[in-house]
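Each remark here refers to the structure printed beneath this line.
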Amino acid sequence: MSGVRSPAEALSDALPDAVVEVVAEGTHPFVRVEPESIVEAARVLKEQCGAEMLHQISGVDFEDRIEVVYHFARLAPDPDFLCLKVSLPRDDPVVPTLAHEWRAANWAERETWDLLGVRFSGHPHLFRILLPEDWEGHPLRKDYAFPESYHGIDCTQ
Amino acid sequence: MIGAEPLSSSLAAWLAALFGVGATWPIQALAMLIVATGVVALVVTPVGLGGVYLERKLSGRIQNRRGPNRVGPYGLLQTLADGIKLLVQEDIVHKAADAALFRFAPYVVFLAAFTGYVVMPFAPGLTAADLDVGIFFFLAMIGIETIGVVMAGWSSNNKWSLLGSMREVAQVVSYELPLGLAAMCPVIASGSLSLNTITDMQAGPIWNWFVIRNGYWAIVMVPAFLIFYTAGLAAAKRLPFDLPEAESELVAGFHTEYSGMRFGMFFLPEYAVMLSISGVATVLFLGGYHDPFGLSAGSLAGVWWWGLIWFFLKTTVLFLLQIVLRWTLPRLRIDQVMYLCYKGLLPVAMACVVLAAVLRLL
Amino acid sequence: MTPSIQGVALNQREASVPALPRDIQTEELVFNMGPQHPSTHGVLRVVLRTDGEVVLEAQPLIGNLHRCCEKILENLTYVQGVPYVDRMDYLGSLNMELGLVLAVEKAAAIEVPKRAQYLRVILCEMNRIASHLMAAGQFGLDMGAFTPFLYMFREREEGIRLLDEVTGGRLLYHYIRYGGVTRDVSDDWIGRTAVWCDRIDAHMQEYNDLLTYNHIFLNRACGVAIIDKQTALAFGATGPILRAAGVGRDLRKDMPYSSYEDFEFDIPVGPFDKGVVGDSWSRYKQRLLEMTQSTRIIRQALDKLPEGEIQHKKVTRGWKAPAGEAYVASEAPRGEISCYFVSDGGKKPYRCRMRGPSFFNIALLEETSRGLLIGDLIALMGSIDITLGEVDR
Amino acid sequence: MGAFSQWARNLWMGLKTTFVGLGVTVPYIFRRPYTLQYPEEREVLPDCERGLHNFEIDKCIACDQCVKICPVDCIALEAEGKGKFARMTKYEIDYTKCIFCALCTEPCPTECIHMGPTFDLVGYTREECIIDYADRENPRTFSEGEEIPYPLASFARK
């Protein structure tokens, strides 16, 4: 009977070294794992906690670090969202890609790269997705400076 | 033969008398030309414009809208206004297009669509040219239109246009087969390829019409009529078969790059072909210009306006049905279009031809 | 020169279509479909590699409508942000507002009065019906059937008028606020909304006669462009696509929010009476059936609408959410939207990550379109029903 | 037989459903149209319609609340004096920016700015889309005691 274990429990058993922080209570329970073991952690969620769908990948710029937050959806039993977080250094955020196991991660990771500049190592197609190819910077970073002009178009208005 | 002399012959005689020469072939040709121009200018173009108006008004009413209602009473002049707009619009030939072909293509389509009317018996004596092979002339003209469309699609240098024109070729050339075979049934029944002769065979009351001739011919003629009508829809590129210009797939197909009057020269022929298909269907199956009561064979024989009224009445009903069908049905896919042609209509049409031959022998 | 898009050669991947014999091998065409194409439902650009009519590869390229909504939300106060999310999925904008508001309410533990919750449900379901009518009609339009589209617009128009009476907007409502809703409804409005629900159900027969069970339509849509359960789950596709693929997931039932647990309704799950599970027709039919369920919910909510206030606490311009975070998902017309909301205790949200279901759904296009005819590709795009506003955000 | 009957059924269903479809569309030809003749006939808009603003200039105390809450910064307000004796010199709303969210009407302490029912704003230039409500000639600006000819949207917090 898989799918009923809580992610905290399952991850502490399967990958005790990788778990950095566990928050099981409150409005947003999550497990923070080491960036290197995100692929294994996601696999544990899939196999033991019934996470059948990758729901969303979010990046958050916390000035001192960048967090990438993965939300998985458990469809049944007890539908819920399971959350994994990784913390990355701000100057060179790199995390292994989930795109090979979860096809949904392909575009979501591209978007995170596009808007936050998180590099997903091993991603098959890590190019900008929403912004044009030649855009400079990653807009969702907190210190992003809006460009004065783009290809001669005045952006200051 | 019921009905007067073809109009061109009377005109030729009159011209010959006017110039004081014999009715030699240049005079006859001149007379034919005058009649053909007259027919196109006085009958077909207004009816084509009326067709556009009817289509827009009817589609509006079907869709809970009003349709054109601003220009003129009930919006009657809307089509004319659109025509004027098309005339004054800039005629764009874009840089990458093959300019000569691009410019020439609309004329081919326009000419082909309107030349079909030359053999159309509108009323007793009102035929531009009573050809012995009228029905084949008509089908050939529909085929020639395809060439213009391919020219347009190719010279546009636009992949969507190219795809549209290729679809047109595949579709129209395929549907020529069931169209021709279905037309063979009345031809077999009447023993003539001339549209006038076929019409006159159907004079008299309604049971003389080929579609229900003497009752038992209906077994052949009703399916043949349906096939002719369906294939005619395909030849006219009307909606279950509007793949060449499928708006939601190919933007506008072969005429994507056209503007102004050149676009108009694709647009108007579409209605002209719709109308001529309806007209030929009327001639072949529904008694042409003969009324259902037998008056045109009796007291009103040879009266041209009586025939004209009935011809246009029947043609308009078929024409309106084409319009209503367009606003009812979704579009087929290209493979389904081919399936319907080769596996659906063609075998049935062949069976009809064979059966018609058998009935004829009986 | 091989055409390449964003660094990847188009012929990089082999299509599943069998290769033609060498002597009849023909040139492949690369089509640029969109951003101005009538069937891309917005400013989507799809690059097609085709062999004649057969699509070998379709690559959706998005971003033409990108406004960086998330950055805008970070720079606006809480109150100011709500009208912005309306503009993500502009056809189901009430549901979008609800997505944001629910996340903030959860993080800040704002209580919503029961009447406001019911009003949210009623209006969101009306919005869902309006959106589904649009989607189903668009699907017909993509297939060349123009008339059902306008019939559906007629019903949609009436629904929009009802929404307009309550919210003041016809497309972008800005109705849901933190802790409640803006305006209350009148008894007269309740009566007319119930009548509208009846009209929707009554007209369903018309749509079925004209479009759903039309033989041409069935031939076009049944059994083509199949998105099966595994593919849908792998790509994170949600909403009607996932349910038509045979997965009975609906957040209104699975993780009820805003009092959805009070109502009795079914979740239609594919396959239906025609076609196979997960094909274009099932996705279309799914939407029609969901509309019927939505009218059920609306009728129940109108009947049971409790008395009381519609907003406990007014969230004003200077309101500060307590530090914290929340992830709340809700069921929008096109699938599951979610908001990952992070607050640092300031006047503005620290991060508002919005999930647009269409963003994940449209990614399926590349996978599903191989070997389809161009006409079927159009049908596939119509049945996925994307809104570019939420794809690009 | 199976293949043949399937083929025949295919053709028959195509024909039959066509007539079913015609049965839906043809009756509509004889029904009344649903649409309105727009400029002459207009829909009766609800009183909370969020159209162009209406401004009661004498009530305004130039408190700047609406300017501050506007998410797109489309309101420009200038006044001589403050409070009850404020004399408005400029109250410009830039409708190229305005998103008609009605947030400006909410914090107004005197309820002097409303959303009105006018929705057709057109202009040939961007300048034409900037409307100055401090101009008393503006048909959507109302002075003290002037009767407003239509009900106004009330989003204001009470």
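Just a few scattered comments:
- Of the residues C:LYS285, C:LYS71, B:LYS57, the one with the fewest other Cβ atoms within 10 Å heads the list, and the complete ranking is C:LYS71, B:LYS57, C:LYS285.
- Pairwise centroid distance, computed over Cα atoms, of segment C:25-92 with segment C:259-300, Å: 27 Å
- Across B:ALA234, B:ALA96, B:ALA29, mean-square fluctuation computed from a Gaussian network of chain B (C-alpha pairs under 10 Å connected) peaks at B:ALA96.
- Other-chain or far-sequence residues with amide H under 5 Å of A:ALA51's (modelled H): A:LYS46
- Counting only DSSP H runs of at least 4 residues, each contributing -39500 (n - 2.57), and dividing by the residue count of the protein assembly as shown, the helix-based mean residue ellipticity at 222 nm comes to -14000 deg cm²/dmol.
- On Cα atoms only, tilt of D:2-29 relative to the major axis of chain D in degrees: 40 degrees
- Under the membrane-span-like helix rule (DSSP H runs whose alpha carbons stretch at least 24 Å along the helix axis, mean Kyte-Doolittle hydropathy -0.5 or higher), chain C yields C:114-142, C:147-167.
- Less than 5 angstrom separates the built amide H of C:PHE31 from those of C:LEU48, C:ARG49, C:THR50, all sequence-distant by 5 or more or on a different chain.
- Averaging the Cα positions of each part gives two centres, and for segment B:120-159 and segment B:281-347 these lie 17 Å apart.
- Summary value for chain A: 17 percent relative contact order, contacts being C-alpha pairs under 8 angstrom separated by 6+ residues.
Taken together, the values in this text are just the output of simple stated rules run on the coordinates, not laboratory data. Predicted, not measured: the structure shown is a model, and the values here were computed from it. Cβ: placed from backbone, ideal geometry, glycine included. Neighbour counts: every protein chain shown.
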